[in-house]
Amino acid sequence: NIYVGGYFTNIGGQAKKYLAKIDALSGTASSWNPNPNGNVLKILLNGNKVYIAGNFSLIGGQARNYLAELDNNTGLASSWNPNPNNSIYAMALSEQSLYLGGWFNQIGGQTRKYLAAVDLTSGNPTSWNPNINAAVSAMLINGNTLYVGGSFNSLGIHTRNYLAALDVNTGNATSWDPNSDSPIEKLAVHGTNIYAAGSFTNIGGQARNRLAAIDASSGNATSWNPSPNNGVNAIAIDGSTVFVGGYFTNISGQPRNKLAALDISTAAATAWNPNPNGDVTDLVIDGASTMYVAGSF
């Protein structure tokens, strides 16, 4: 099954508002229907649970503001209810906690500005509190490190411009500091590199336009430099290839409309060229060499 969220009201031949489960073979929508009353921004699967973030106040038959835990068979909301007071734009999962980034400044009745960890059982915020000073739009966990990107420029007592690494246990910033000159929108990890997309022109001590690979140890930009001529919204990595989608029409010196495949070592654009006629907003690669692409094409 493919879980899909957005602004739609019809998908797979059925009336479905903002959220649906689609059969990966036939493309038809299942009967699963949480029916949120606002658009869906993020989806995260965890066993038989589906975490949904969006701009809703009702989902799965329950009042839930911006965030809910749904049963992936029934579509009903569980009693788990962190109740953030504004939108969630990024989620990452550890064994005990769900890490959340967004525009909120309160969650579970406690002050948590833009970044929080909530208990997977109770839904209550943990004591983990990095005290970041502006919105978080991207995050990923790699080992014991949580990488976050957004529009912030400080994290606790540390200056961190738009991109930072935190200890998942303490919430303290590590020494890793690529020092981007503009906000970060997307993050991905492969091997020893963190791939970042945003509006930057300098990151990791190097001139890099909108897309870069950052060494996960040093925080320095690697030599990988595709230099797209417009924004990147999505990154998916498969083996030796980095797939990117966005608004660009040229990348690595080649004409590519909105979607491209790049060599993970050289950043050269491969011959793969689906050429969508509209912007790409998300990419997912499954285990059978199939890519799912979403956007306005």
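Some notes on this structure:
- Residue match in the range 48-67 (condition: at pLDDT 95 or above, on the phi > 0 side of the Ramachandran plot, open to solvent by 70 Å² or more (accessible area, probe 1.4 Å) and outside any strand (DSSP E or B)): no
- Just one of (1) modelled with pLDDT of 95 or more; (2) open to solvent by 20 Å² or more (accessible area, probe 1.4 Å); (3) of a type outside the set (Gly, Ala, Ser); (4) out of contact with any Asp or Glu (no Cβ under 8 Å at 6 or more places or on another chain) fails for residue 95. It is (1).
- Any pair with Cβ under 9 angstrom, 6 or more apart, that starts in the range 97-124 at a residue that is among the acidic types (Asp, Glu) and ends at one that is in a strand (DSSP E or B) and open to solvent by less than 30 Å² (accessible area, probe 1.4 Å): 119/97; 119/98; 119/125
- Selection from the range 9-29 of residues that are in contact with a Lys or Arg (Cβ under 7 Å, 6 or more places away or on another chain) and buried (at least 16 other Cβ atoms within 10 Å of the Cβ): 29
- In the range 100-141, the qualifying residues are those that are part of a strand (DSSP E or B) and open to solvent by 60 Å² or more (accessible area, probe 1.4 Å), and the one that is farthest from residue 187 (Cα to Cα) is 110.
- Only listed residue being surrounded by fewer than 24 Cβ atoms within 10 Å (Cβ to Cβ) and touching a Lys or Arg at 6+ places or on another chain (Cβ under 7 Å), chosen from 167, 177, 215, 181: 177
- Selection over the range 13-57 of residues that are farther than 30 Å from residue 95 by Cβ, touching a residue at least 12 places away in the same chain (Cβ under 8 Å) and among the aliphatic types (A, V, I, L, M) gives a count of 1.
- Top-ranked residue of the range 247-288 - restricted to ones that are assigned to a loop (DSSP other than H, G, I, E, B) and modelled with pLDDT under 95, ranked as surrounded by the most Cβ atoms within 10 Å (Cβ to Cβ): 286
- Top-ranked residue in the range 142-163 [being open to solvent by 20 Å² or more (accessible area, probe 1.4 Å), in contact (Cβ under 8 Å) with a residue 24 or more places away in the chain and not in a strand (DSSP E or B); ranked as nearest to residue 191 (Cα to Cα)]: 144
- If only residues of the range 30-47 that are of a type in the set (Gly, Ala, Ser) and at negative phi are counted, the one that is most open to solvent (accessible area, probe 1.4 Å) is 31.
- Count - residues of the range 23-37 that are under 27 Å from residue 185 (Cβ atoms) and in contact with a Ser or Thr (Cβ under 7 Å, 6 or more places away or on another chain): 1
- Strands (runs of 3 or more DSSP E) (entirely within the range 175-217) containing at least 3 residues that are in contact (Cβ under 8 Å) with a residue 60 or more places away in the chain: none
The values are calculated or read from the model by the stated rules, or taken from the named source; none is laboratory data. Remember, predicted model here, so these are calculated numbers, not experimental data. All Cβ positions, even for glycine, are placed from backbone atoms using ideal geometry, and neighbour counts span all protein chains on display. Note: areas computed on protein heavy atoms with side chains; ligands, DNA, RNA excluded. Shrake-Rupley method; radii C 1.70, N 1.55, O 1.52, S 1.80 Å.
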